[in-house]
Amino acid sequence: MKSISAVEFKRSKNIFTLLDVRGADEIAKARIDPHIHIPMKEIPDRYVELDKEKPVVVICHTGVRSAHVCSYLEQFGYDMINMEGGIEAWSLTVDPSVPRY
């Protein structure tokens, strides 16, 4: 599975689709825009909403759920990249204005 650091993503985020798989309550606390929000439990029913022509960076709180989603969607031919450390890493290394929780 491919991965990207929060800092690397910041430098090149315009070439990726950002998929946030956290719950709505987590999105309300902290988020990176623009993003597509599909909670992890809805991925099997909604993954077709993603563009197969553009690499997808997946984010969650710390990188565990996003890694599972990447593995799952790779089997359908999507170019998936896990954001190492999730929104927590983003808050710590890129944008401290994004709240930690």
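Tabulated values for the structure
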quantity	calculated
Structure-based [θ]222 nm, the chain - -39500 (n - 2.57) summed over DSSP H runs of at least 4, per residue, nearest 500	-9000 deg cm²/dmol
Integer Hz, Karplus 6.51/-1.76/1.60 couplings in order for region 14-22, x for Gly and Pro	6, 9, 10, 8, 9, 10, 9, 9, 6
DSSP-assigned coil residues among chymotrypsin sites (Phe, Trp or Tyr not before Pro) in region 30-76, each with at most 12 further Cβ atoms within 10 Å	Phe76
Candidates Ser71, Ser91, Ser12, ranked by Gaussian network fluctuation over the chain, Cα under 10 Å, top entry	Ser12
Neighbour count of at most 16 Cβ within 10 Å plus DSSP loop: longest trypsin sites (Lys or Arg not before Pro)-free window in the chain	1-51
Estimated distance in nm for a label pair at Ala28 and Val64, the labels positioned 7 Å out from Cα along Cα-to-Cβ	2.3 nm
The chain: angle of helix 64-74 to the longest principal axis, Cα-based, in degrees nearest 10	30 degrees
Approximate spin-label separation Asn14-Glu74, in nm, with each point projected 7 Å along Cα-to-Cβ	2.9 nm
Integer Hz, Karplus 6.51/-1.76/1.60 couplings in order for region 27-39, x for Gly and Pro	4, 5, 7, 7, 7, 10, 10, x, 8, 9, 9, 9, x
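Coordinate-derived values only; no laboratory data. These figures come from a predicted structure and were not determined experimentally. Counting neighbours? That spans all protein chains shown, and the Cβs are built from the backbone with ideal geometry, glycine included.
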